[in-house]
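First up is the structure itself, then whatever we jot down about it.
The values are calculated or read from the model by the stated rules, or taken from the named source; none is laboratory data. Predicted, not measured: the structure shown is a model, and the values here were computed from it. Cβ placement follows ideal geometry from the backbone for every residue including glycine, while neighbour counts extend to all protein chains displayed.
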């Protein structure tokens, strides 16, 4: 048997930290990086007698998410207590949602892979619910003890759960990326993975191809980068297949991924069979969300990536891949939309190429955000217009782009003027150059006449060079052919 | 129904209460007395009755998203059994 | 001064017959003299009280003050009081000086009251005898060999012994009404949601309510005015207009001989069945007859699910308690075991050492009924019964203005009689727990004396947020009778 005989089944649970100012049940700040326990209020440290009051901002973000994925937003949902003892859980229970979550169902469509192998997949979501985060246990040694910092305790989380519908680590990563992009798009989370604002748990199981019954799953906890997500799932798949092929069985377990070893290992704190004794939190009444509230949030929601992708494909004839790439972030999509708004839909494709190509490469190289790209949409649009009207060639455009990027010019026209990049379309100016080139490259001329197509390209190159890139390649082509009698 | 010796130990562990054998036996007897009382409610047919979680089944009031708390770490940690460098100290936590 | 009503105390302070410092000193002296015998107080804050009294006197000298300014009070030791030890009657909080005030405490402070100290109670308000306190049993001032009732036993005994004119309490299953009954004082449990639970250490969150103990219904109304009302810090606090609980007390009745004319008194037959002591029954029936004499009409009603209230309550309350008490883990405050092997051991030892037997029992019951496989049979079933019980009251209250009955099946019993018999103790809560399950307001007012001269309380149950009406009826009864003015000889 081999890997190909097995089918992989993956479901993801993602904890997204919501971008509220204050915590979900207290008025403490959620800002990252404060000194330990300085943002831990009486409620967060669970002093005797304190009570929770739910943050409207957290609920509103959940509604935004629900609308963005086409889910049902529960008119009534319930907060429950999940009871367990752990030093970073001050109350001895986590306030979460259990039987009646605020968001039910919904889908996210993702592009998996690139090029010919690319395909689209609809990921069904089970639910998304509001809950509070726990604090942190610091494992540095304090006289053989652990230190507890409760600044993070009570930070609002949206836990987003998929159905077990992913069949490879690539699908899982594509979903995680799309989700990451979406939560930032609709502005419910900063998505900062280093700071733990976006953490994935992967439920992984394998089964023999053609069988229905799901295999026993193991849950890999706390994956905070796409790379670790992929590696952890691959390690888990390898472990499970190997175990089964060796005649072993998989025990349901909660595991951690060790990126250095590339292995997963069971969590000791989860060895006990858990009995969380969920029950509705008697300190909190039912969360009721009115149709009016939903309608208002809907009115404030930005155009969603899926809608934009559809528009890019139908109106601009972009490929699914290009449309997905351009909507990787709201800022990038906005940049593109602004650019096309100026140059017009006819130039949507070259605009896409420049945004995804030169611009993205430069930003990436300099580690900059598209919002502070030195070349603004209007400037890029100006340049695209000059390519389109044959004022400059594509190679000259690179120079124009450079000039705009480096601040040597404030518009494409200024750059063209300053650097003398204007394409020469005047026949009387080009003919002498062509004649000179033909005279100086007799060998190429002969080769061409002997049937060597390559020689023609060499001649075009020579003309372009002699014109310092200012000649129009199309025009040069045409003239050359005429002169050579081809 | 009645609670077994194992039930008593299981609950005590779930509730994080140390219980020696002698206490467990005493607890078992007392708990079974209490459950004898509780069992009376099993006689009632509650088919179709909605559970009542709360005296007033009204909507939860929401708080505006605003930071209203100030740092009171020192006051809070003054009553802590063991704290250092602003951290609560506990026996080593194993993940 | 010990027998004066809150109004009279305010008048005395305002007429400069005595200062708040003098008044406070009188009560501090009485506490010093009697508390060793009664054990009603866990903490007496002599210096704090005198300082607050001096401040109240200064405020009065500077301008107009409210009706409670300068009046000494005390709080059940379940309310958090900033800078003052808050034990909840438990060893686990034996060193807990609260860094904040409960809303009830803050509001009474803002009203200018003087806090004498914190009163004893059953540990975390779990108990009906006040024997389950880590700080020792409270004695009933009418007979110190007997229990004062619980869990707010120290508060009830404190008012009965005139250690303070008024003391707060909490009621989860009868913890105000039953000790009020056993100690011969007036105690009121408001409608769930009428009084903020912020800073009131939780026993069972969907049942707990804070309320006053005092010598009369009128005093209770004045106290409610000071501390009841909406609080944004408590999600279960009812968002209602501020109300004046004394508003119906002053009104002159149309016929002075029939001040209760038009009042329909519902008498549920289940509250007069087997198990009700003859002397209690007699006192209650006499009180009802007295009210009829005052113009009220007796209506026979039924609360058929009464018997189910105890099992339902002893599932719901422990379930909530088991979770509420998880925060006492020896990490951030409270008792931590001196020696332990590891984290698990630290938890188990700290909690086993810190909690008393009754609390541990209820935690175990609650843990069990919520655990996997038992939730539906116990917890959910109890919640369904809770609805049936609430519907019982709704039907009964549609036929009358208030329901009347006993608060306790017997008068105060000897200390030790039920000390380690939880089932017997739970059964004594038969007349009180259902009211908490339904969330209704109820009070106990002195209505006579049983065998051995022990006080009997009449329980009055009102409709939701209808405290003012209930207080009016109680007040008119107290204007016509003198049971509430009787104090034990000490």
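Highlighted here are the strands (runs of 3 or more DSSP E) found entirely within the range A:73-141 that include at least 3 residues which are away from chain C (no Cβ under 14 Å) and either under 14 Å from residue A:160 (Cβ atoms) or in contact with a strand residue (DSSP E or B) (Cβ under 7 Å, 6 or more places away or on another chain) (or both): A:107-112, A:119-132.
Table: residues versus (1) closer than 30 Å to residue A:375 by Cβ; (2) surrounded by 12 or more Cβ atoms within 10 Å (Cβ to Cβ); (3) touching a helix residue (DSSP H, G or I) at 6+ places or on another chain (Cβ under 9 Å); (4) touching a residue at least 12 places away in the same chain (Cβ under 8 Å).
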{"site": "A:415", "(1), (2), (3), (4)": "yes, yes, yes, yes"}
{"site": "A:451", "(1), (2), (3), (4)": "no, no, no, no"}
{"site": "A:461", "(1), (2), (3), (4)": "yes, yes, no, no"}
{"site": "A:464", "(1), (2), (3), (4)": "yes, yes, yes, yes"}
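Beta carbons closer than 9 Å, at least 6 apart along the sequence or on distinct chains, pair a first residue in the range A:377-403 that is at positive phi and in contact (Cβ under 8 Å) with a residue 60 or more places away in the chain with a second that is surrounded by fewer than 23 Cβ atoms within 10 Å (Cβ to Cβ) and assigned to a helix (DSSP H, G or I) for A:390/A:474; A:390/A:475. Considering C:171, C:219, the condition of being more than 14 Å from chain A (Cβ to nearest Cβ), over 22 Å from residue C:451 (Cβ atoms) and more than 13 Å from the chain's Cα centre (by Cα) is satisfied by C:219 alone. Can you tell me which of C:284, C:288, C:316 is within 28 Å of residue C:175 (Cα to Cα), buried (at least 23 other Cβ atoms within 10 Å of the Cβ) and away from chain A (no Cβ under 14 Å)? None of the others qualify; the one that does is C:284.
The single residue among A:158, A:214 that is more than 14 Å from chain B (Cβ to nearest Cβ), at pLDDT below 95 and either over 16 Å from the mean Cα position of the chain (by Cα) or crowded, with 24+ Cβ neighbours inside 10 Å (or both) turns out to be A:214.
The residues listed here are A:371, A:339, A:325, A:391; of these, the one that is buried (at least 19 other Cβ atoms within 10 Å of the Cβ), out of contact with any strand residue (DSSP E or B) (no Cβ under 9 Å at 6 or more places or on another chain) and assigned to a helix (DSSP H, G or I) is A:339. Checking the range C:131-139 against the condition returns a match, with at least one residue being over 13 Å from the mean Cα position of the chain (by Cα) and over 22 Å from residue C:93 (Cβ atoms). Take the conditions at pLDDT 95 or above, assigned to a loop (DSSP other than H, G, I, E, B) and touching a helix residue (DSSP H, G or I) at 6+ places or on another chain (Cβ under 8 Å) and apply them to residue A:24. Does it pass? Yes.
Of the numbered criteria (1) facing another protein chain (nearest Cβ under 8 Å); (2) free of Cβ contacts under 8 Å to residues at least 24 places away in the same chain; (3) in contact with a helix residue (DSSP H, G or I) (Cβ under 7 Å, 6 or more places away or on another chain), the one residue C:365 fails is (2).
Here residue C:412 does not qualify as away from chain B (no Cβ under 14 Å), modelled with pLDDT of 95 or more and assigned to a helix (DSSP H, G or I).
Entry remark, the range A:397-414: residues being outside any loop (DSSP other than H, G, I, E, B) and more than 21 Å from residue A:344 (Cβ to Cβ) number 6 in total. Every test in (1) in contact (Cβ under 8 Å) with a residue 12 or more places away in the chain; (2) in a loop (DSSP other than H, G, I, E, B); (3) over 19 Å from residue A:12 (Cα atoms) is passed by residue A:216 save one, and that test is (3).
Taking helices (runs of 4 or more DSSP H) as the structural unit, those lying wholly within the range C:1-114 and holding at least 2 residues that are surrounded by fewer than 20 Cβ atoms within 10 Å (Cβ to Cβ) and more than 24 Å from the chain's Cα centre (by Cα) correspond to C:6-14, C:20-38, C:46-62.
Per the listing A:266, A:295, the residue uniquely more than 11 Å from every other protein chain (Cβ to nearest Cβ) and either at positive phi or free of Cβ contacts under 8 Å to residues at least 24 places away in the same chain (or both) is A:295. The residue list C:250, C:243 contains one member that is surrounded by fewer than 22 Cβ atoms within 10 Å (Cβ to Cβ), more than 14 Å from chain A (Cβ to nearest Cβ), under 22 Å from the mean Cα position of the chain (by Cα) and part of a loop (DSSP other than H, G, I, E, B), which is C:243. Considering every residue within the range C:329-340, establish whether at least one is within 12 Å of chain A (Cβ to nearest Cβ), out of contact with any helix residue (DSSP H, G or I) (no Cβ under 6 Å at 6 or more places or on another chain), surrounded by fewer than 24 Cβ atoms within 10 Å (Cβ to Cβ) and farther than 21 Å from residue C:422 by Cβ. No; the residues of the range C:329-340 include none that is within 12 Å of chain A (Cβ to nearest Cβ), out of contact with any helix residue (DSSP H, G or I) (no Cβ under 6 Å at 6 or more places or on another chain), surrounded by fewer than 24 Cβ atoms within 10 Å (Cβ to Cβ) and farther than 21 Å from residue C:422 by Cβ. Would you mind stating whether residue C:462 is at positive phi and away from every other protein chain (no Cβ under 12 Å)? No. If you check residue C:268 against the conditions, is it touching a helix residue (DSSP H, G or I) at 6+ places or on another chain (Cβ under 8 Å) and either free of Cβ contacts under 8 Å to residues at least 60 places away in the same chain or surrounded by fewer than 18 Cβ atoms within 10 Å (Cβ to Cβ) (or both)? No: the conditions fail for residue C:268. When the range A:41-56 is filtered for residues that are over 17 Å from residue C:82 (Cα atoms), more than 32 Å from the chain's Cα centre (by Cα) and at the interface with chain B (Cβ under 7 Å from one of its Cβ atoms), only A:53 remains. Inside the range C:379-393, residues that are at the interface with chain B (Cβ under 7 Å from one of its Cβ atoms) and buried (at least 24 other Cβ atoms within 10 Å of the Cβ) make up a count of 4.
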